[in-house]
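The values are calculated or read from the model by the stated rules, or taken from the named source; none is laboratory data. From a predicted model like this one, the values you see are computed outputs, not experimental measurements. All Cβ positions, glycine included, derive from the backbone under ideal geometry; neighbour counts span all protein chains shown.
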Amino acid sequence: MKVNKFRGVSDVNVIEGTNENFDNVYREAVSLQSIGKAFQAFEKISFLAQWGHAAAQFDLALMYYNGRGVKENRSLAFYWLNKSRFQGYKDADLFLKSKMCKLKNKSNL
């Protein structure tokens, strides 16, 4: 079993072949968000999203969409929403559908 330490998230050791550590880091990131430490949460969520964690991809999208812990960037928000959605993460699909409905309603005014 190979253990790697990834740059950008200094306190995260990831054991290849398991998702348990990813899920633990995700829970930690959610906790950081809940106590207002958005930038620290962003670092962890960004790391997880890049490694394909669908829930983290969705959270990263919301962080970019709302400018929470990072500068607002709707292009990156929709990029990460789509990555999460293509993995079958239902919240991402619902969020995208709701935004598309709002855009469609605005264009009909």
Here's a check for you: in segment 55-75, which residue that is assigned to a loop (DSSP other than H, G, I, E, B) and not charged (D, E, K, R) is surrounded by the most Cβ atoms within 10 Å (Cβ to Cβ)?
Gly69
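So is Val9 β-branched (Val, Ile, Thr), modelled with pLDDT under 90 and surrounded by 14 or more Cβ atoms within 10 Å (Cβ to Cβ) or not?
Values: β-branched (Val, Ile, Thr): yes; modelled with pLDDT under 90: yes; surrounded by 14 or more Cβ atoms within 10 Å (Cβ to Cβ): yes.
Here the answer is yes, as Val9 does meet what is asked.
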Return the residue satisfying two criteria in turn: it lies in segment 44-53 and is crowded, with 20+ Cβ neighbours inside 10 Å and not β-branched (Val, Ile, Thr), and of such residues it is farthest from Phe22 (Cα to Cα).
Ser46
